[in-house]
Each structure stands twice: as C-alpha cells, then as structure tokens.
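Chemist: Here's a structure for you.
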Amino acid sequence: MTKRFSDRQGYRPPATKITIREDAPSSLRHAIPLIASEAGMQPSTMRQVICRVLLVPPDQHNWSEYPNIWDEVVQLIEDAQWYKVYDITEALHAELVIWNSESADELERRLNDFFVENGIGWELRDSQITHRGSEAFAKSTHEVPDELDKSSYQRAANEMREALKDISRRPKPDITGAIQHAMAALETTAREVSAQPNLTLGKLIPLLNLPAPLDQAVHKLWGYASDRGRHIREQQSVDHAEAELIVAVAGALCAYLAQRIKPE
C-alpha cells in the first residue's frame, strides 16, 4: 500500500472541536466504504459484512463488484440508522483483522484521523468504537488500564475499562456508571497501595502520603463524585464534560499511584 505525502511527512489533520456524538453525518457514511476499499476490501465483502450487521439480504441481482455491488454498499450505509453505521464500522474492521492486520491498522488510522478532523466524538480501537474526548482525556485514560495491568492492579484496570465502556455507551452514555467505575478504580488502587483492603477511599487518602494540597484535591474529588455519581439528587445532573473530567482525573491518579508504588 503506497503511502500518501501526508503519511510520509508525518502530517496529521488538526483536531476539530467535538460536536458530533449521536449522529453519523453523510460525510462519514461516504468515507467508510472509500477507506475500506483503499484498505483492500472488495465491495462484495463489504456487502456481506453490512448485511450481517443490518440483518438484511443482499440484492441477488447485483453481481459485478463495480458499480452494482459498490452502489448497493453505499446505499446500505446511507440508509442505516446512525448507530448502525458505527456497528458496521466495527464489523468491517474486525473482518479485516482476520485476513490482513496491516490493512486493518490502516483502516483504523484513517478513520480515527477522519473522526478527529471532523469533530466526531468517537474513535476506533481494537475493532470497537469507543468514546473520544479531549486530547487530555485520551492521554489520561486509554493507556491507564494497560499500565495498571503491568503493575498487577488487575481489579483497578477492569474498573477503569468499565468506566470507559460506560462513557462510550451508545446511543446514550452511562454517566453515573462511568463515574462510579472510575472512582472504584481509584479506590481499588489506593487499597492496594496502602495495603488496606477494607477501607473506603475517604479513609485511604491520608494513608497515601500525597503531597499537599493534592491530598485535599483527591478528597474533594471523592466527595464530589460520591455526591454526583452515587447519590444524584432530584434535579441534579452531571453533564458529559463533568463525567469526562472525573474519569480523566481518576485515571491519572491511578497511574500515578501505580507508578509510585508497585506491589511485591
């Protein structure tokens, strides 16, 4: 596969402010088959995957790859519900993984560039469409589960993965679940670090030897998350940006504690 000028020179599209989550704009629907085709996938293979996702039969009158099957693929994606478009994207990537991992990587990279360039708040990772937040959110969350696994904090890693899964849930993210799992990851990490498996995070904070005023900041985060995530009051809500902030900060703290003190 010949690399483009931008790939050879290392240029990437500038990040556009995220404005699209519960939608699949026509530009994305148009881009998906083009990117899949450039990754080496034939229209007939795309059609097979798409029909499997949508549970519809292929048009038996279409035999030629171009233009008949290609036009059918384009129309199927164009007519699909917005969330089905992302299901189709996952399935196309998973199909490529089976027979050509390099092509799958290329599809993932180009789609993620498209998401960034067009302000779409999703990204493709390991054949799954997941939540894409700010650059700071990405850096402080997506690598955290692997770092926790490497430090033998498996329970905390699983909680953080569940937090990311909840905030990525579609068509509506589970804000409360994301906050609860993120704070559970932090609490679990704190228990391991302090060797106090039965204490709550509020009682663990003084045992973590955090520098001031970071210790107070963590205590306030715990109080805020407990109030908003576990005991949401009537007419009290948490928006997506607040949840993203809590998950990002909790993830960064987990990574900090895991790097500072690794279990025996």
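Chemist: Using only Cα atoms, find the angle between the long axis of helix 154-167 and the longest principal axis of the chain, and express it within 0 to 90 degrees, rounded to the nearest 10.
Modeler: 60
Chemist: Determine the dipole magnitude for the chain: charges of +1 sit on the beta-carbon of Lys and Arg, -1 on that of Asp and Glu, nothing else is charged, the reference point is the Cα centre, and the result goes in debye to the nearest 20.
Modeler: 760
Chemist: Turning to a different aspect of this structure: For segment 1-40, compute Rh as the Kirkwood radius over C-alpha pairs and then the Stokes-Einstein diffusion coefficient at 10 °C and 1.306 mPa s; write the answer in µm²/s, rounded to an integer.
Modeler: The Stokes-Einstein estimate is 126 µm²/s.
Chemist: What is the spin-label model distance, in nm, from Ala195 to Glu242 if the labels are put 7 Å beyond Cα along the C-beta direction?
Modeler: The answer from the label model is 3.9 nm.
Chemist: Rounding to the nearest 10 and keeping the result within 0 to 90°, find how far the Cα-based axis of helix 101-117 lies from the longest principal axis of the chain.
Modeler: It works out to around 70 degrees.
Chemist: Which residue fluctuates the most in the chain, going by a Gaussian network model with Cα springs under 10 Å, if the choices are Ile69, Ile167, Ile129?
Modeler: Of Ile69, Ile167, Ile129, the most mobile in the Gaussian network model is Ile69.
Chemist: Quick one: if you stick a label point 7 Å off each Cα along the C-beta vector at Thr16 and Ala217, how many nm between them?
Modeler: Label at Thr16, label at Ala217, 3.3 nm between them.
Chemist: Beyond 27 Å, what share of the Cα-Cα pairs of segment 86-223 is found? Please give it as a whole percent.
Modeler: 32
Chemist: Another question, if that's okay. Could you report segment 1-131's accessible area per residue, 1.4 Å probe, as an integer in Å²?
Modeler: Ligands and nucleic acids excluded, the figure is 55 Å² per residue.
Chemist: Return the single residue from Asp149, Asp59, Asp126 with maximal mean-square fluctuation; model: Gaussian network over the chain, springs between Cα atoms under 10 Å.
Modeler: Ranking Asp149, Asp59, Asp126 by mean-square fluctuation puts Asp59 first.
Chemist: Counting only protein heavy atoms and a 1.4 Å probe, tell me what percentage of segment 59-129's accessible area is made up of carbon and sulfur.
Modeler: Carbon plus sulfur share of accessible area: 46 percent.
Chemist: For the chain, what is the relative contact order in percent, using Cα pairs closer than 8 Å and at least 6 residues apart in sequence?
Modeler: Once divided by the residue count of the chain, the mean separation gives 18 percent.
Chemist: Here's something else I'd like to know. Got a number for the accessible area of Glu162? Probe 1.4 Å, square angstrom, nearest 10.
Modeler: Number for this one is 60 Å².
Chemist: How far is it, in nm, from the label point at Asp105 to the one at Asn118 when both lie 7 Å from their Cα along the line to the Cβ?
Modeler: 2.5
Chemist: Quick one: how many Å² of Phe5 are accessible to a 1.4 Å probe, rounded to 10?
Modeler: Phe5 has an accessible surface of roughly 120 Å² with all protein chains in place.
Chemist: Multiply the residue gap between Lys84 and Glu65 by 0.36 nm, knock off their C-alpha separation, and tell me the result in nm, one decimal place.
Modeler: Contour length minus the Cα-Cα distance gives 4.5 nm.
Chemist: In a Gaussian network model over the chain where Cα atoms closer than 10 Å are linked, find which of Pro43, Pro211, Pro145 has the largest mean-square fluctuation.
Modeler: With Cα springs under 10 Å in the chain, the top fluctuation among Pro43, Pro211, Pro145 is at Pro211.
Chemist: Of Arg52, Arg125, Arg21, Arg155, which has the most accessible area and how do the rest follow, probe 1.4 Å?
Modeler: Ranked list, largest accessible area first: Arg155, Arg52, Arg125, Arg21.
Chemist: With all protein chains present, calculate the accessible area of Ser26 using a 1.4 Å probe and round the result to the nearest 10 Å².
Modeler: 80
Chemist: Of the options Gln9, Leu92, Trp82, report the single residue whose Cα projects farthest towards the positive end of the charge dipole of the chain (beta-carbon charges: Lys, Arg +1; Asp, Glu -1).
Modeler: Result: Gln9.
Chemist: Sorting Val218, Val53, Val97 by accessible area (1.4 Å probe), largest first, what list results?
Modeler: Val97, Val53, Val218
Chemist: What's the angle, to the nearest 10 degrees (0 to 90), between helix 240-260's Cα axis and the longest principal axis of the chain?
Modeler: Helix 240-260 and the main axis of the chain meet at about 60 degrees.
Chemist: On average over all directions, what projected area in square nanometres does the chain have, based on the convex hull of its Cα atoms?
Modeler: Taking a quarter of the hull surface, the average projection is 17.3 nm².
Chemist: Go through Gly119, Leu54, Leu201 and say which Cα lies farthest out towards the positive end of the charge dipole of the chain; charges sit on Cβ, +1 for Lys and Arg, -1 for Asp and Glu.
Modeler: Result: Leu201, furthest along the dipole toward the positive end.
Chemist: Next question. Is segment 5-91 best put as rounded, prolate or oblate by its Cα gyration tensor, with a ≥ b ≥ c the root eigenvalues, rounded for a/c under 1.5, and otherwise prolate when a/b is larger than b/c, oblate when not?
Modeler: Note, shape of segment 5-91 comes out oblate.
The values are calculated or read from the model by the stated rules, or taken from the named source; none is laboratory data. Quick caveat: nothing in here was measured; it's all calculated off a predicted structure. Methodologically, a virtual Cβ is constructed for each residue, glycine included, from the backbone with ideal geometry; neighbour enumeration extends over all protein chains shown. Ligands, DNA and RNA are stripped out before the accessible areas are found, and what is left, the full protein with its side chains, is counted by its heavy atoms. Shrake-Rupley method; radii C 1.70, N 1.55, O 1.52, S 1.80 Å.
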